[in-house]
Amino acid sequence: MLRPEQRAKLDDTDDTLFYSFPRFVTHVDEGFIEQLTNLYRERLKPNTRILDLMSSWVSHLPEKIEFAHVEGHGMNEEELAKNPRLNHYFVQDLNANPKLTLADEDFDAVLIAVSVQYLQYPEAIFSEIHRVLKPEGIAIVSFSNRMFYQKAIAAWRDGTDMSRIELVKRYFRSVPSFSEPEVIARASTMPSFLQMLGMMGADPFYAVLAKRL
């Protein structure tokens, strides 16, 4: 689906080196986080099994909802170890190995928050997401316009907010038996210079959702 040049990163050194030290920061503003938590509150059900892919020290899950199990994945073990919502976690470079060592149809929801832009082989990852989801399980992919520019793939770096939405929709559509993707798009009303300063409410909020049929 993506051409080889679209998968390229400006920094093509080993990703494990880039993520070898922890970053205990949030990469989006409080307005984005609030919208994401509200979306999770609306779409995730209590006592279900959640896979938080490409996670870190925080998952933005609603505090008052208890889940049966939250499995975390990421690139930095120190960050994952600090995440209080994870019952278990594993470290894996999905660009080097997109195959998840997880059982078929094991999760009610799979989440990717502000990280999809770094996947070089998203078709393989979304196929794995479909495999590990239970029938009618939901995948929620959220993102804004921020990124580690040197680690984002060219198809993302060179795009617009709208083209990135279409890109994630294409990722879902590359896998048979996902439902037609649903889009939530709330563009920022802030001037671009205020967005760059990280003003409250400056980050646009985008999410693309689909269910395993």
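Hey, in the GNM for the chain with a 10 angstrom Cα cutoff, which one of 98, 181, 84 fluctuates hardest?
84
So which chymotrypsin sites (Phe, Trp or Tyr not before Pro) in region 74-152 end up in coil per DSSP with only 15 or fewer other C-beta atoms within 10 Å?
On the way: sites: 89, 90, 107, 118, 126, 143, 148, 149; in loops: 148, 149.
Sites meeting the loop and neighbour criteria: 149.
Straight-line reach from residue 9: which lysines have a Cα under 25 Å away, not including same-chain ones fewer than 8 places off?
Output for residue 9: 99, 151, 169.
Less than 11 Å Cβ to Cβ from residue 34, Lys/Arg counted +1 and Asp/Glu -1: what total charge do the surrounding residues give?
Values: positive: 41; negative: 29, 30, 203.
Computed value for this residue: -2.
Magnitude of the Cβ-charge dipole of the chain, K/R +1 and D/E -1, about the Cα centre, nearest 20 debye? It would help to have the intermediate numbers written out before the result.
Values: 24 positive and 30 negative charges, 83 e Å.
So the dipole magnitude of the chain works out to roughly 400 debye.
Mean residue ellipticity at 222 nm from the helices of the chain, using -39,500 (n - 2.57) per DSSP H segment of n ≥ 4 over the full residue count, to the nearest 500 deg cm²/dmol?
Calculated at 222 nm, the ellipticity per residue is -7000 deg cm²/dmol.
Throughout, read-outs are computed from the coordinates displayed, never taken from laboratory work. Keep in mind that this is a model prediction, so the values were computed, not measured. Don't worry about glycine lacking a Cβ; one is built from the backbone with ideal geometry, like all the others, and counts go over all protein chains shown.
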